[in-house]
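Okay, so here's the structure we're looking at.
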Amino acid sequence: MKKSGGAEKKRVRRSSAAIQNGARDPNSDTPPRRQAAKKDVFQLFAEKVRDHKDLVSRWAVLQETRVEYFRGKDFTSFLRNHPELKDILEDRNLEAEDIADVLLKKNLLVRCDRVVKTLRPGKKKLSTWPAHLEIFSDQVFSENDAFFAWTFVKRRPLWQTLLSFFWPVLTLAICLFPVYPHRCKLLILYSCAGLLLLFLSLLLFRATIFGVLYIILGKRVWFFPNILAEEATLRELFRFWPKKDEEERPKWTTRLFYALVAVLVILLLRHHAPDEAARARYQKRVSNIIDDVLEWSPRLALSGMMEKQQTVVNATEPDNDFEDGSKMSSEDVAPPNGMGAETVSDEHGAKDTENMEDIDQQKHHDNI
């Protein structure tokens, strides 16, 4: 009886749960789980807008976190130029302000404000794209000097996923560089040296143009303005055209001072430049280091170890060889007829004395 009562209770609970689920949405044909898994249209809209290239955005630091943000007026003009993106939303007649307010309520956006709100010395207006932001108190859309940062994580593209798998392989390849064939070492060496020379030449080129235009015309022109930026994206990093100079024109005294400093630096470098002999020594030293790296191989390392071991063995053995290559026998070492060491040494000393006397006589005869 207890089992049948428990089964009836379970049936009652299941039927009541089914009735409640049916009462929630009687006209829907899709199951509740599929409805919950359906993505929000504003989330899809936000991802589509963020991935679009025409929306101008930058990266900044928001409370010790790097975020991607855009300006309010850029968002309005972007939706005006691309009305087809509103097809994702249920209501196509929504304005840019209404869409932004919904994104703010859904925490897909957050309104920010610049941290530095005072003009720096020599500037007429604040920076167009500040590098540091803070959360604004009133989370309402505005076009006048308002910045909005994305709060969700951007979808990782395929090339970043492939690059994450490629980094360990690259690290292992760098560690195995000493065992590469000689041609591969030369290819890698010349490629890395060429890239390094290209970057240094590019930096020197842009610095020279900036200095010449600053001294002669009083304008600040930086080609490749984002080449040294830490927060620039890959697309912005290699942008060629410089930004518009928004600062005041420098005084002629300042330009003259920097011109004199540049001339003095050039003269000092010319005076202390190394001569041809020092340059040859430096080149030989560097080439020796490069040759040691390129010509190293496990076979040479093992042969070097064997040679060192052979020299150590030869040093520990007694030197029993004559100059003509003949071996010294035990009879040569031991004194004949039982003579002691003192007798042998006396005979050698007598022979040396006779040789010295003959040499002196020959010198005297030559002088006569």
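The values are calculated or read from the model by the stated rules, or taken from the named source; none is laboratory data. Since we're looking at a predicted model, the values are computed, not measured. Glycine gets a Cβ as well: all are built from the backbone with ideal geometry, and neighbour counts include every protein chain shown.
Within segment 80-89, is even one residue exposed (fewer than 14 other Cβ atoms within 10 Å of the Cβ), of a type in the set (S, T, N, Q) and in a loop (DSSP other than H, G, I, E, B)?
No: zero hits.
Sort out which residues of segment 124-144 are surrounded by 12 or more Cβ atoms within 10 Å (Cβ to Cβ) and either within 33 Å of the chain's Cα centre (by Cα) or among the acidic types (Asp, Glu) (or both), and write them in order of number.
Those that are surrounded by 12 or more Cβ atoms within 10 Å (Cβ to Cβ) and either within 33 Å of the chain's Cα centre (by Cα) or among the acidic types (Asp, Glu) (or both): Leu126, Ser127, Trp129, Pro130, Ala131, His132, Leu133, Glu134, Ile135, Glu143.
Can you name every residue in segment 103-115 that is surrounded by 17 or more Cβ atoms within 10 Å (Cβ to Cβ) and either assigned to a helix (DSSP H, G or I) or in contact with a His (Cβ under 9 Å, 6 or more places away or on another chain) (or both)?
Passing the criteria: Leu103, Leu104, Arg114.
Take residues that are outside the structural domain of Lys53 (by TED's automatic domain parsing) and among the hydroxyl-bearing types (Ser, Thr, Tyr) and tell me which of the helices (runs of 4 or more DSSP H) falling wholly in segment 181-297 contain 1 or more.
182-216, 252-271, 276-294
Restricting to segment 154-180, name every residue that is modelled with pLDDT of 85 or more and part of a loop (DSSP other than H, G, I, E, B).
Leu176, Tyr180
Looking at the structure I just gave you, is Val49 surrounded by 11 or more Cβ atoms within 10 Å (Cβ to Cβ) and in contact with a strand residue (DSSP E or B) (Cβ under 8 Å, 6 or more places away or on another chain)?
No, not satisfied.
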